[in-house]
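Here the structure comes first, spelled out in structure tokens, and everything after it is commentary.
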Number of protein chains: 2
Amino acid sequence: MTTLRKTALFLMLLVATVPTLAAEGEHPKLIMTKAGVEKIRAELGSVPLFDASLQSVRAEVDAEIELGIDTPVPLDYSGGYTHERHKRNFFIMQKAGVLYQILEDDKYANYVRDMLFQYEAMYKDLPLHPKTRSYARGKLFWQCLNDANWLVYVSQAYDTIYDYLSAEERATLEKNLFRPFADHISIDSPQFFNRVHNHSTWGNAAVGMIGLVMDDDELVQRALHGIPFDEIDTAAKDNDGGFIYDKDGRAGFLANLDEPFSPDGYYTEGPYYQRYAMYPFLIFAQGLHNAKPELKIFENNGEVLLKAVDALLNLSDADGEFFPLNDGQKGMSWHAGSIVTAVDIAYHMGGEDPRLLSIAEAQGQVLLDDAGFAVAAAIRDGKTQPFAKASVNLSDGPDGTQGGVAILRYGDEDLTLVYKYAAQGLSHGHYDKLSYSLYEKGDEVLQDYGLARFVNIEQKGGGNYLKENKTWAKQTIAHNTIIQNETSHFKGKYEIGSRHHSELYFYDDTNSEAQVVSATESNAYPGTELQRTMAMIKNRNFSKRFLLDILKVRSDTKNQYDLPFYFMGQVLQVNFDYDTPSTLSALGKKNGYQHLYVEGQGSPGADNTKFSWMGHGKFYTLTAVTEDSDELLFTRIGANDPEFNLRRDAAFMLRRKAAGDTIFATVVEPHGSYSPVSELALDSNSNIAALNVVHDDENYTAVAIEDLEGHTSVFILANTDASVTTKHQLKIDGRKYHWAGPYHYSGPD
Amino acid sequence: MTTLRKTALFLMLLVATVPTLAAEGEHPKLIMTKAGVEKIRAELGSVPLFDASLQSVRAEVDAEIELGIDTPVPLDYSGGYTHERHKRNFFIMQKAGVLYQILEDDKYANYVRDMLFQYEAMYKDLPLHPKTRSYARGKLFWQCLNDANWLVYVSQAYDTIYDYLSAEERATLEKNLFRPFADHISIDSPQFFNRVHNHSTWGNAAVGMIGLVMDDDELVQRALHGIPFDEIDTAAKDNDGGFIYDKDGRAGFLANLDEPFSPDGYYTEGPYYQRYAMYPFLIFAQGLHNAKPELKIFENNGEVLLKAVDALLNLSDADGEFFPLNDGQKGMSWHAGSIVTAVDIAYHMGGEDPRLLSIAEAQGQVLLDDAGFAVAAAIRDGKTQPFAKASVNLSDGPDGTQGGVAILRYGDEDLTLVYKYAAQGLSHGHYDKLSYSLYEKGDEVLQDYGLARFVNIEQKGGGNYLKENKTWAKQTIAHNTIIQNETSHFKGKYEIGSRHHSELYFYDDTNSEAQVVSATESNAYPGTELQRTMAMIKNRNFSKRFLLDILKVRSDTKNQYDLPFYFMGQVLQVNFDYDTPSTLSALGKKNGYQHLYVEGQGSPGADNTKFSWMGHGKFYTLTAVTEDSDELLFTRIGANDPEFNLRRDAAFMLRRKAAGDTIFATVVEPHGSYSPVSELALDSNSNIAALNVVHDDENYTAVAIEDLEGHTSVFILANTDASVTTKHQLKIDGRKYHWAGPYHYSGPD
């Protein structure tokens, strides 16, 4: 018998000797409260958004009750019937429990009770799930993660019908179902439960929430602090390549609350996983707040949970869709159920920020609990204010010192830059240091590919990560950043990447003419220093804001550099000659290059290379300072993709060979529009006559932008001193520039 | 001197001898009327949609007046500055004139007058436009077509300020501008003016409208009846390959009204050009109705103009976007200005059909004239009814006997089939006999590629047709229809294709379980008879309606057949093995095949080949009866496309070699949905267990569809008798079927 098993046995024996049943009459107490339920019942029918949500949930649950209960023997991966049925069961149980509390109709309590007893009957003898792919197999589902999902919801359902059940019924459920269920996903699965990872957060919340309902403090403590590391094997890794063992020896909910969030509320895995993790974070926190107010859980770590909600909402485009940083599925947005929870709880627990109400209105639904009621009542009372998103710089890392993500935009979100100079992002991180993506009004201009996965679509690899996620989506070449010698950052190795992060050089969004962020990366390619500075510029001679990008490379060696631009749309025009091959071959053999076809190949015809395209009815032009010896490539994703798992998206790529110290200066310029209804092409040409690097040495780099009217704007970067007070002067082409701070921008002369 | 020039000279001399000035005090009389204007003025401020349209037009015109008048020397193709400026000028003049009438503010009249005199000063000595690409060069624009556009709008502007001008001003404008302008686009350009073609319709309307305003009956007669053919060279062809000479020797507006429209109002070039042509048809008709009511123009040819509006509105998807049959640019919809005109005039002149009001509401604007006012007032008065689109069969050809286009759908437009068995469609026609496209709720499921052109986007071939329109978009392989021996229908020759059309076998939309259309084509490949029958089936064991497609081939020779499916979305799953090549090569060398890359190649692994994909968050499965020797191809557009003019869209293709008589039976089955927000994949698998051709001989073809529950539905086609009364019986697998009419469908047993 292993130490682990012995400990589990010991704990089980221990538990058997203490009273585990909470007192009657105290429930609901987890997410709904007795006082909250009374208030809801009293105001039913007078709070439109709450009433509408109630009606919708009631219709959904009634339809399920009509269908009857099914708890099939577990069999499938996600997307398959048994998986989806059990998933639906826990959602519906939670909702039925809420309806019971609000409507006081026994049919809902009966439904939850009957389903729980079907699970109780099955669970006692249930083996591990037959599918073996997971590093931590569940019983109802193929992975513990989904079992934890189940328990997070079912804890709430149990809480709502607690007083409806007899003491005997409760004892049976707790002994045969809830307690062994909680043990399986924790003690039996430490590689799942004891990590600093979104998976573990679900596990922690599940164990803690059932513990709160059962008044079982041992479970609550296990949830908060994890299993002592001396009781488990810490050398194991999960199937994403992450480590179980946290370097500080911490585990449990409080560790998960501290470590993946930066002080700004940025979650190191990125917004897609933050969205997923927000539910267990907030729902368990709400439960802890209600049942253990002395923990002051929302004040924890500088109110990080509330900051996280704000950060997450800011990590979205104009349509509320989250930026697909790292492993992120496109299309996920603040309409997701977990964000309804996040917004409602953040409003309720975080000082009633009226901007959150506009998002709740857009969501069109609220939680059927105290938090949701507070939101719906405030909307009814006309308290809504707009959630205007401004530029923001979000630090990464528990101390906020491991790089970050900067978003440059104006209130109209006409143009939005997402610039990533963060840490690795745990096992869901991509090798994309100093990469960026660009949006106009919610449409992608230059895309981040996101993940290579069709989440929950069984036909595509069981709905799980596809192998192209590793061979393509995580690789550096899949991103709008620089690649040295066709090799990914950190050689594409998690063990290396996870030890490093980029560094902020400076961030300044205070200038209405130029918002600037600059960051450096020294470890992606040892011996090579990268500095990328991005400025969103409002120039009176240009109809729209544009993006200036100065990427400076200092290297001990001569290398090849590729700089791709994953433009969204159709090629309009270029100013150079190129050949198109009669057959398409892959650009390379590995590191993601094996997935790119070369559709065209040319070389610059002038000092500036211009490439324009049309996407979503808008025009864009890339203007790049290029050298005669540069190569210009048209590529398209899709090579070596026998299952058609990748989208056939295009890129335009600058390739510079045998470069030592070098600089890439580019402008991405949005202009004009096209409508297939009016068939009017407005402002369809670039307004840039010339883009030049007019100065570049160790101390300063300067770029001049000449427009078609002959006016020149200048952007100067101080390369070695980011202090805002340092005074600089520089003479360029006979003209003297004086300024203070890390950059200077002067508009058209 | 040519006959043509002599005639022109003669006519000009003739004109100089007759009074050309209309009486004062009768204007406006063309589109606005004196009585109408009085009514509008009286109710201003009480008709919301009219008031809103007025406000919007006023803001637009005021901004232009602020900018000042510019009438640059003509220089550019469409998309270029001078082209777009002159185009904007005529739109704004028409609007300014209308504002003058409604608001009685002289600034609008002055603006029109001043601009007209700038044109007058320039036009006198203006040579042909410097760009030489057109078969009929204009003066303000590179082609007469755009000059005609100008005059159609400017006639209206002139009419509205007619009484504001002095007699001397009018005489100057008419002598130096309008009359020579009208002559240039007619007498000087018969190859443009005298055809049965949408170009000529614009020319006819332009000449006729200015004639009505000037009270110049010679111009009006020229517009209505064309130039006598004995005065022009009829051997010339236009640059689309069309003939000038009409086979019946007719020309002018009345000919254009008769010939391209079928009795059902279908316009033989297709909806994209119908939309374009509707404006001159309706606006000139409105002018004729007002100025020459004795012509009863709207009653002409069985009220074909009113029927045409109804037909056109029906040729749209659930979002109001027109099906891109023949040369059609996707995205064009009933929001286009010409359709605002069409809907308003059709309402006003066509018995005030209240369904048109719902479209006007969706358009959000009305014409600022009598028709627009009638629409806005009716909307204000609550008369709006929905425009529910049902299935419809639209005949093609002036007598309705040249094939047609059938649209099968239910009121919800969940699934919409567009089946084309029409005539060639003049010079904008595609070689796509018996082709179809499929839509679900306004999203393309199987696409018609449309045209290869970026209309008015100068960077792409001057905004004109690209050469890929001929090499790809018109070719048969670009469509969802059958191709014999890699050769387009009629060898892709207009001279052959324009002599033929497909034939309707039968159309029946009366059965709620199966709507069916069947047509034949005997001339696309001499010696080969094609019959394609499409049934949209509602089966109680399927969650959505599906499409059954039976394509029967009878040929004297052994041939290769390709049947492509241009699916929109990403491949999910197939049930056969295939190889993917390491380099991509073109499928063929000509007839459009040179533009297709082969991404994969396989052969059937079972009697049924299954191919499923996901697009727009919905799932689809193609189930096809295949033979062991068939080839299955994955193709993608983009080969031999050096300018990136084509979209990189995919197709799945069935290829059958050395077949004589053969049959292709397929089902396209929409099922389920996927949301990236909920991440739920619902009903993601096909419900078809087996598709079989259970009977096929000269007289009958029968297909059986077995669902996953084991129930079988049967569709039987009588191949030689489309009479609805003929009684049939057939024994299949021991079971006897009895029915009357050309088909039998029995749902799940």
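Please check region B:659-679 for residues whose accessible area, probe 1.4 Å, is lower by 20 Å² or more when all protein chains are in place than in their chain alone.
Residues shielded by partner chains are B:TYR674, B:PRO676, B:VAL677, B:GLU679.
Semi-axes of the equivalent ellipsoid of region B:653-696: what are they in whole Å, largest first, if each equals the square root of 5 times a C-alpha gyration tensor eigenvalue? Could you put the intermediate results ahead of the total?
Working: eigenvalues 232, 36, 8 Å².
Those come to 34, 13, 6 Å.
Using 0.36 nm per residue, how much length does the chain from B:ASP628 to B:HIS711 gain when fully extended, once their Cα-Cα distance is taken away?
Working: separation 83, 0.36 × 83 = 29.88 nm, distance 2.59 nm.
Full extension of this stretch gives 27.3 nm more.
Which parts of region A:447-466, residue by residue, lose 30 Å² or more of accessible area when the rest of the protein chains are there, as against the chain isolated (1.4 Å probe)?
A:PHE454, A:ASN456, A:ILE457, A:GLN459, A:LYS460
In Å², and per residue, what accessible area does region A:105-241 have when probed at 1.4 Å with the other protein chains present?
Details: 3960 Å² over 137 residues.
In whole numbers, region A:105-241 has 29 Å² accessible per residue.
In nanometres, what is the gap between the two model label sites at B:ILE496 and A:ASP353, each 7 Å from Cα along Cα-to-Cβ?
Output for this residue pair reads 6.9 nm.
Per residue of region A:304-321, in order, report the coupling 6.51 cos²θ - 1.76 cosθ + 1.60 (Karplus, θ = phi - 60°) as ³J(HN,Hα) in whole Hz, putting x for Gly and Pro.
4, 5, 5, 4, 5, 5, 5, 4, 5, 4, 6, 8, 9, 7, 5, 8, x, 8
Given the C-alpha centroids of region B:468-508 and region A:541-597, what is the distance between them in whole angstrom?
Between the Cα centre of region B:468-508 and that of region A:541-597, the gap is 40 Å.
Just the number, please: carbon plus sulfur as a percent of the accessible area of the protein assembly as shown, 1.4 Å probe, no ligands or DNA/RNA counted.
Details: 24930 of 50660 Å².
Accessible surface attributable to carbon and sulfur in the protein assembly as shown totals 49 percent.
Taking a ≥ b ≥ c as the square roots of the Cα gyration tensor eigenvalues, with a/c under 1.5 meaning rounded and otherwise prolate when a/b beats b/c, else oblate, which class fits region B:47-89? Please report the intermediate quantities before stating the final value.
Details: a/c = 5.03, a/b = 2.36, b/c = 2.13.
Verdict is prolate for region B:47-89.
Quick one: the Cα spread of region A:392-680 along its three principal axes, in angstroms, biggest first?
Ordered largest first, region A:392-680 gives principal extents of 49, 48, 44 Å.
Could you work out the local net charge near A:PRO324, counting Lys and Arg as +1, Asp and Glu as -1, over the other residues with Cβ closer than 9 Å to its Cβ? Before the final figure, lay out each step's value.
Working: positive: A:LYS330; negative: A:GLU321, A:ASP327, A:ASP448.
Net charge around A:PRO324: -2.
With no solvent and one point on each alpha carbon, what is the Debye value of log10 I(q)/I(0) for region A:372-530 at q = 0.14, 0.20 Å⁻¹?
-0.83, -1.24
For A:GLU599, what residues show an amide H to amide H distance below 5 Å, using hydrogens built from the backbone and excluding near sequence neighbours?
Those lying under 5 Å, H to H, from A:GLU599 are A:PHE634, A:THR635, A:ARG636.
Can you pull the one-decimal nm distance between simple spin-label points at A:SER723 and A:VAL693, each 7 Å off the Cα toward Cβ?
Computed distance between label sites A:SER723 and A:VAL693 equals 2.7 nm.
Enumerate the calculated ³J(HN,Hα) couplings along region B:722-739 in order (Karplus 6.51 cos²θ - 1.76 cosθ + 1.60, θ = phi - 60°), each rounded to whole Hz, writing x wherever the residue is Gly or Pro.
8, 4, 7, 9, 4, 9, 10, 9, 8, 10, 10, 6, x, 9, 9, 10, 10, 6
Starting at 0 and stepping by 10 Å, how many percent of the alpha carbon pairs of region A:69-259 end up in each bin?
Pairs per bin, as whole percents: 10, 37, 35, 16, 3, 0.
Go ahead and run the numbers for FRET between A:GLU361 and A:VAL73, Cβ-Cβ distance against an R0 of 35 Å, rounding to 0.05. Can you show the working numbers first?
Working: r = 43 Å, r/R0 = 1.23.
Here the calculated transfer efficiency is 0.20.
How far apart, in nm, are the 7 Å Cα→Cβ label points at B:GLU529 and A:ARG85?
Label at B:GLU529, label at A:ARG85, 5.2 nm between them.
If you take the charge dipole of the protein assembly as shown about its Cα centre, with +1 on Lys and Arg Cβ and -1 on Asp and Glu Cβ, which of B:GLY351, A:SER155, B:ASN687 is farthest toward its positive end?
B:ASN687
Measuring nothing but label to label, 7 Å from Cα along Cα→Cβ, what are A:GLU698's distances to the other copies in nm, shortest first?
Those separations, rounded to one decimal, come out as 9.6 nm.
Provide the per residue accessible area, probe 1.4 Å, for region B:355-456, rounded to a whole number of square angstrom. Write down the numbers at each step before the final one.
Numbers: 2480 Å² over 102 residues.
Computed with neighbouring chains in place, this is 24 Å² per residue.
Using the Kirkwood formula on the Cα atoms of region A:458-530, what hydrodynamic radius do you get, in angstrom to one decimal? Could you put the intermediate results ahead of the total?
Values: mean 1/r = 0.0676 Å⁻¹.
Taking the inverse mean of 1/r over all distinct Cα pairs, region A:458-530 comes out at 14.8 Å.
Which of A:LEU254, A:LEU325, B:SER498 sits farthest toward the positive end of the charge dipole of the protein assembly as shown, with +1 on the Cβ of Lys and Arg and -1 on the Cβ of Asp and Glu?
In the protein assembly as shown, that residue is B:SER498.
For region A:164-175, just list the computed ³J(HN,Hα) in residue order, Karplus coefficients 6.51, -1.76 and 1.60, θ = phi - 60°, integers in Hz, with x standing in for Gly and Pro.
The phi angles translate into 6, 7, 7, 4, 5, 4, 4, 4, 5, 4, 5, 6 Hz.
Would you pull out the residues with amide H under 5 Å of B:MET32's amide H, same chain only if 5 or more places away, H placed 1.01 Å from N?
It is none; the list stays empty.
Using only the alpha carbons, work out the radius of gyration and Dmax of region B:271-364 in angstrom.
Rg, Dmax (Cα atoms, Å): 13.0, 40.
For A:HIS695, list long-range residues whose amide hydrogen, built 1.01 Å from N in the peptide plane, is under 5 Å from its own amide hydrogen.
Hits under the 5 Å cutoff: A:ALA702.
On alpha-carbon atoms, Rg over Rh for region A:584-656 using Kirkwood Rh? Mind showing how you got there, number by number?
Numbers: Rg = 13.8 Å, Rh = 13.5 Å.
Looking at region A:584-656, the ratio lands at 1.03.
Could you pull out the pairs from A:LYS139/A:LYS330; A:LYS29/A:LYS107; A:LYS330/A:LYS544; A:LYS420/A:LYS552 whose alpha carbons sit more than 28 Å apart here? Each step should come with its number before you reach the end.
Working: A:LYS139/A:LYS330 30 Å; A:LYS29/A:LYS107 21 Å; A:LYS330/A:LYS544 26 Å; A:LYS420/A:LYS552 16 Å.
From A:LYS139/A:LYS330; A:LYS29/A:LYS107; A:LYS330/A:LYS544; A:LYS420/A:LYS552, over 28 Å: A:LYS139/A:LYS330.
Pairs A:LYS433/A:LYS467; A:LYS292/A:LYS383; B:LYS292/B:LYS467; A:LYS292/A:LYS470; B:LYS433/B:LYS657; B:LYS87/B:LYS433: which are spaced more than 32 Å apart, C-alpha to C-alpha?
Numbers: A:LYS433/A:LYS467 22 Å; A:LYS292/A:LYS383 30 Å; B:LYS292/B:LYS467 44 Å; A:LYS292/A:LYS470 43 Å; B:LYS433/B:LYS657 21 Å; B:LYS87/B:LYS433 37 Å.
From A:LYS433/A:LYS467; A:LYS292/A:LYS383; B:LYS292/B:LYS467; A:LYS292/A:LYS470; B:LYS433/B:LYS657; B:LYS87/B:LYS433, over 32 Å: B:LYS292/B:LYS467; A:LYS292/A:LYS470; B:LYS87/B:LYS433.
Compute for chain A: radius of gyration divided by Kirkwood radius, i.e. Rg/Rh, restricted to C-alpha atoms, rounded to two decimals. Don't skip to the end; give the middle numbers.
Numbers: Rg = 27.8 Å, Rh = 27.6 Å.
Ratio of gyration radius to Kirkwood radius for chain A: 1.01.
Evaluate E = 1/(1 + (r/R0)^6) for A:SER675 and A:ALA171, where r is the Cβ-Cβ distance and R0 equals 41 Å; express this FRET efficiency to the nearest 0.05.
Working: r = 68 Å, r/R0 = 1.66.
Efficiency for this residue pair is about 0.05.
Take the alpha carbon atoms of region B:612-669, find their center, do the same for region A:682-719, and report the distance between the two centers in whole angstrom.
Cα centroid of region B:612-669 versus Cα centroid of region A:682-719: 49 Å apart.
For the protein assembly as shown, state the average projected area of the convex hull of the C-alpha atoms over all orientations, rounded to one decimal in nm². Don't skip to the end; give the middle numbers.
Values: hull surface 237.0 nm².
The number I arrive at for the protein assembly as shown is 59.3 nm².
Across the residues of B:103-111, average count of Cβ atoms on other protein chains within 10 Å?
Mean number of neighbouring Cβ atoms from other chains: 0.
Placing a label point 7 Å from Cα toward Cβ, how far apart in nm is A:GLU104 from its equivalents in the other copies, listed shortest first to one decimal?
Between copies, matching label points for A:GLU104 lie 7.0 nm apart.
The values are calculated or read from the model by the stated rules, or taken from the named source; none is laboratory data. Quantities reported herein were computed from a predicted structural model and do not represent experimental measurements. Cβ: placed from backbone, ideal geometry, glycine included. Neighbour counts: every protein chain shown. The protein model used for the area step is the full one, side chains on, heavy atoms only, and it has no ligands, DNA or RNA in it. Shrake-Rupley method; radii C 1.70, N 1.55, O 1.52, S 1.80 Å.
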